[in-house]
Amino acid sequence: MSSVEVNAKAISEDFEFQALNQAVNYRKKSRDDFAAYLRGGVLEVGEGIGQFSAELDCMTAIKLLTLLEPDARFYERLRLKYNHHNVINGTAGSLQRADYDSIISINVLEHIKKDGKEIEVYSKLLKRGGYLCLFVPACPSIYAPIDRSFGHFRRYTKKGLTSLLLASDLQIVDLRYFNITGYFLWWLNFCVFRKMEFGALKVRLFDKHIFPFTQAFESKVRLPFGQSLVAIARKAQ
């Protein structure tokens, strides 16, 4: 399995994890979108400080959770916090086990230069019939300086992500845009005003007062675009 080249241009010390810690409803919605596909042996790739790991930690359908984090600093924090799970310092390409029921990757793939090779590795690590759950930033039209500072090589389109998944023996189960309001807020704040950080208060206000209402609308329609893409793919049997 190939090694991973992560974007060395990332300059944010913690990728704004502290501000994004306020996005409670946002994370719960993401968990709910993937919940039906997360059971048995699950691998989470690239946890950072473990914000989404906390959502997985309480899911009873997951019998064995493996947390994989390449950054040594974040690994140490995860190892202490989640010592009841299997926490590994490394990349997907360094793993020997290849029988996971599910793999989940939240805002990780955009940091990897050879993203197609990374998805190939995920496919090899899955058992036949296993599921890959991806959450990635969408729409190259709103790629902003803050994306570059976070170490994002790209933002994704439906077509581009579909091609990557199909090329790795994965069948599309669901692929849709997520958070149309966030698209416009990202464009305004980071493309127009070219801001270079998140504000914890703004994130909390959006998550508490705006996001629940917009998600009620989004649950009834298929969005033509959005801030992110949700992808669920199944390894062929």
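Taking segment 76-97 only, how many residues are over 20 Å from residue 49 (Cβ atoms) and open to solvent by less than 50 Å² (accessible area, probe 1.4 Å)?
2
Taking segment 181-237, which residues are small (Gly, Ala, Ser) and under 23 Å from residue 164 (Cα atoms)?
If the condition is that a residue be small (Gly, Ala, Ser) and under 23 Å from residue 164 (Cα atoms), then 226, 228, 231, 233, 236 are the ones that fit.
For residue 190, indicate whether it is hydrophobic (A, V, I, L, M, F, W, C), touching a residue at least 40 places away in the same chain (Cβ under 8 Å), in a helix (DSSP H, G or I) and closer than 19 Å to residue 34 by Cα.
It is false that residue 190 is hydrophobic (A, V, I, L, M, F, W, C), touching a residue at least 40 places away in the same chain (Cβ under 8 Å), in a helix (DSSP H, G or I) and closer than 19 Å to residue 34 by Cα.
Taking segment 207-220, which residues are open to solvent by less than 60 Å² (accessible area, probe 1.4 Å) and under 13 Å from residue 176 (Cα atoms)?
Of everything in segment 207-220, just one residue is open to solvent by less than 60 Å² (accessible area, probe 1.4 Å) and under 13 Å from residue 176 (Cα atoms), namely 218.
From the list 105, 12, 94, exactly one residue is of a type in the set (Ser, Thr, Tyr), within 21 Å of residue 135 (Cα to Cα) and modelled with pLDDT of 90 or more. Which is it?
Being of a type in the set (Ser, Thr, Tyr), within 21 Å of residue 135 (Cα to Cα) and modelled with pLDDT of 90 or more holds for just one of 105, 12, 94, which is 105.
Are there any pairs, at least 6 apart or on different chains, whose C-beta atoms fall under 6 Å, with the first in segment 213-237 and of a type outside the set (A, V, I, L, M, F, W, C) and the second assigned to a loop (DSSP other than H, G, I, E, B) and surrounded by 16 or more Cβ atoms within 10 Å (Cβ to Cβ), and if so, which?
As it stands, the answer is 226/179; 227/179; 228/179, since those pairs meet every condition given.
Within segment 32-71, restricting attention to residues that are open to solvent by 50 Å² or more (accessible area, probe 1.4 Å) and part of a helix (DSSP H, G or I), which residue is modelled with the lowest pLDDT?
Of everything passing the filter in segment 32-71, 57 is modelled with the lowest pLDDT.
Residue 19 - would you say it is at pLDDT below 95, under 18 Å from the mean Cα position of the chain (by Cα) and not in a strand (DSSP E or B)?
For residue 19, the condition - at pLDDT below 95, under 18 Å from the mean Cα position of the chain (by Cα) and not in a strand (DSSP E or B) - is met.
Have a look at 158, 195 and point out the one that is of a type in the set (Lys, Arg), over 16 Å from residue 235 (Cβ atoms), within 17 Å of the chain's Cα centre (by Cα) and open to solvent by 30 Å² or more (accessible area, probe 1.4 Å).
158
If residue 141 satisfies all but one of (1) part of a strand (DSSP E or B); (2) more than 30 Å from residue 99 (Cα to Cα); (3) among the hydroxyl-bearing types (Ser, Thr, Tyr), what's the number of the condition it fails?
The failed condition is (1).
I want to confirm something. Restricting to segment 221-237 and keeping residues that are modelled with pLDDT of 95 or more and of a type in the set (Gly, Ala, Ser), which single residue is surrounded by the most Cβ atoms within 10 Å (Cβ to Cβ)?
233
Quick grid of which residues meet (1) modelled with pLDDT under 95; (2) more than 27 Å from residue 90 (Cα to Cα); (3) outside any helix (DSSP H, G or I); (4) under 19 Å from the mean Cα position of the chain (by Cα):
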residue: 123; (1), (2), (3), (4): no, no, no, yes
residue: 131; (1), (2), (3), (4): no, no, yes, yes
residue: 183; (1), (2), (3), (4): no, yes, no, yes
residue: 203; (1), (2), (3), (4): yes, yes, no, yes
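Quick check on my filter: what residues within segment 104-137 are within 11 Å of residue 235 (Cα to Cα) and open to solvent by less than 50 Å² (accessible area, probe 1.4 Å)?
Across segment 104-137, the qualifying residues are 122, 123, 125, 126, 129, 130, 132.
The values are calculated or read from the model by the stated rules, or taken from the named source; none is laboratory data. This structure is a prediction, so every number in the text was calculated from the model and none was measured. Here Cβ is always computed from backbone atoms with ideal geometry, including for glycine, and neighbour counts include all displayed protein chains. Areas reflect the complete protein model, heavy atoms only, side chains present, ligands, DNA and RNA absent. Shrake-Rupley method; radii C 1.70, N 1.55, O 1.52, S 1.80 Å.
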